[in-house]
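The values are calculated or read from the model by the stated rules, or taken from the named source; none is laboratory data. Everything numeric here is computed off the predicted structure, so don't read it as measured data. Every residue, glycine as well, gets a Cβ built from its backbone with ideal geometry; the counts of neighbours run over all protein chains shown.
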């Protein structure tokens with residue numbers, strides 16, 4: 001499966017400001033902003049993406065309350081709007097994105113389930129505990145992706161241990177993301193030494209993104225590939241081979 005590229009990068013390319021503390025939540029508040037988000041999703045699908053991530057990476061209840069959204073109706077509306085916009089892009093699969101947070105994820109897991117997402121993707125997870133916590137709370141298909149630096153999670157834990165524990169906890173698929181191809185490839189090789197289950201990877205932007213991903217699919221048997229930071233629909237369109 002081909003995962004989409006970065007929504008923030010696509011919005012920025014269209015002239016939409018994406019910055020803390022609102023991130024992609026701010027454009028979701030207006031019709032013009034929602035149309036811009038939909039256009040990015042549609043561009044990813046047109047480039048071949050099978051899976052689109054709803055704009056819920058920064059939609060923990062605590063984050064939305066800090067933005068001043070009303071408890072209940074306002075916060076839940078943001079999540080449901082993001083999933084609804086993603087649905088209009090025509091992707092085969094729409095996943096609810098959950099990003100790392102010091103706050104519990106149970107509320108967002110519940111709202112994404114109510115939205116009827118095809119799966120939940122807990123991405124850029126920095127620790128085993130946070131990732132497994134999402135998996136254990138979810139009542140729908142759940143994928144987990146870990147952020148890796150110098151061969152380990154940001155917590156310092158082993159990537160191999162993380163993959164195995166996430167799978168034991170119930171994750172349908174495990175991936176690594178948010179690093180350069182040079183960061184992620186040794187990790188993929190390490191994981192495959194002891195794990196033969198569903199695996200994915202989506203690195204940050206590089207000129208050779210699709211050739212790299214197609215090679216990884218063949219070499220490491222990946223079931224999910226795509227783009228992380230800085231990637232756009234253009235990266236997904238690069239052919240796997242050149243004449």
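Can you work out which of the residues in the stretch 195-204 that are in a loop (DSSP other than H, G, I, E, B) and touching a helix residue (DSSP H, G or I) at 6+ places or on another chain (Cβ under 6 Å) is surrounded by the most Cβ atoms within 10 Å (Cβ to Cβ)?
The residue in question is 203.
For the stretch 112-128, the set of residues classified as in a helix (DSSP H, G or I) and surrounded by 23 or more Cβ atoms within 10 Å (Cβ to Cβ) consists of 112 only. Whether any residue in the stretch 74-85 is within 28 Å of residue 35 (Cα to Cα), crowded, with 18+ Cβ neighbours inside 10 Å and touching a strand residue (DSSP E or B) at 6+ places or on another chain (Cβ under 6 Å) is what I want to check. Yes; the residues of the stretch 74-85 include at least one that is within 28 Å of residue 35 (Cα to Cα), crowded, with 18+ Cβ neighbours inside 10 Å and touching a strand residue (DSSP E or B) at 6+ places or on another chain (Cβ under 6 Å). Within the stretch 171-178, identify whether any single residue is surrounded by 19 or more Cβ atoms within 10 Å (Cβ to Cβ), within 16 Å of the chain's Cα centre (by Cα) and farther than 21 Å from residue 52 by Cα, and answer yes or no. No: the stretch 171-178 contains no residue that is surrounded by 19 or more Cβ atoms within 10 Å (Cβ to Cβ), within 16 Å of the chain's Cα centre (by Cα) and farther than 21 Å from residue 52 by Cα. In the stretch 66-83, the residues that are at positive phi and without any contact (Cβ under 8 Å) to a residue 24 or more places away in the chain never reach a residue that is surrounded by 18 or more Cβ atoms within 10 Å (Cβ to Cβ) and in a helix (DSSP H, G or I) with C-beta atoms less than 9 angstrom apart, at least six apart or across chains. The requirement of being loosely packed, with under 15 Cβ neighbours inside 10 Å and at pLDDT 95 or above is satisfied by residue 189.
So how many residues does the stretch 46-65 have that are within 15 Å of the chain's Cα centre (by Cα) and free of Cβ contacts under 8 Å to residues at least 60 places away in the same chain?
So the first thing to find is which residues in the stretch 46-65 are within 15 Å of the chain's Cα centre (by Cα), and the list is 49-60.
Applying the additional criterion that residues be free of Cβ contacts under 8 Å to residues at least 60 places away in the same chain yields 50, 52, 55-56, 58-60.
Looking only at that region, the number is 7.
Within the stretch 131-168, being buried (at least 18 other Cβ atoms within 10 Å of the Cβ), assigned to a helix (DSSP H, G or I) and free of Cβ contacts under 8 Å to residues at least 40 places away in the same chain holds for 132, 133, 134, 135, 137, 159, 162, 163, 165, 166, 167.
Here residue 41 fulfils each of the conditions (1) touching a strand residue (DSSP E or B) at 6+ places or on another chain (Cβ under 7 Å); (2) surrounded by fewer than 17 Cβ atoms within 10 Å (Cβ to Cβ); (3) over 20 Å from residue 145 (Cα atoms) apart from (2). Just one of the listed residues (50, 4) is closer than 30 Å to residue 217 by Cβ, in contact with a strand residue (DSSP E or B) (Cβ under 9 Å, 6 or more places away or on another chain) and surrounded by fewer than 23 Cβ atoms within 10 Å (Cβ to Cβ), namely 50. Just a yes or no: is a residue in the stretch 88-102 touching a helix residue (DSSP H, G or I) at 6+ places or on another chain (Cβ under 9 Å), over 26 Å from residue 198 (Cα atoms) and surrounded by fewer than 19 Cβ atoms within 10 Å (Cβ to Cβ)? Yes, the conditions are met somewhere in the stretch 88-102. Within the stretch 12-31, the presence of at least one residue that is surrounded by 23 or more Cβ atoms within 10 Å (Cβ to Cβ), more than 26 Å from residue 201 (Cα to Cα), at pLDDT 95 or above and in contact with a helix residue (DSSP H, G or I) (Cβ under 7 Å, 6 or more places away or on another chain) is confirmed.
Scanning the stretch 86-111 for residues that are more than 19 Å from residue 4 (Cα to Cα) and either part of a helix (DSSP H, G or I) or out of contact with any strand residue (DSSP E or B) (no Cβ under 9 Å at 6 or more places or on another chain) (or both) yields 101, 102, 103, 104, 106, 107, 108, 109, 110, 111.
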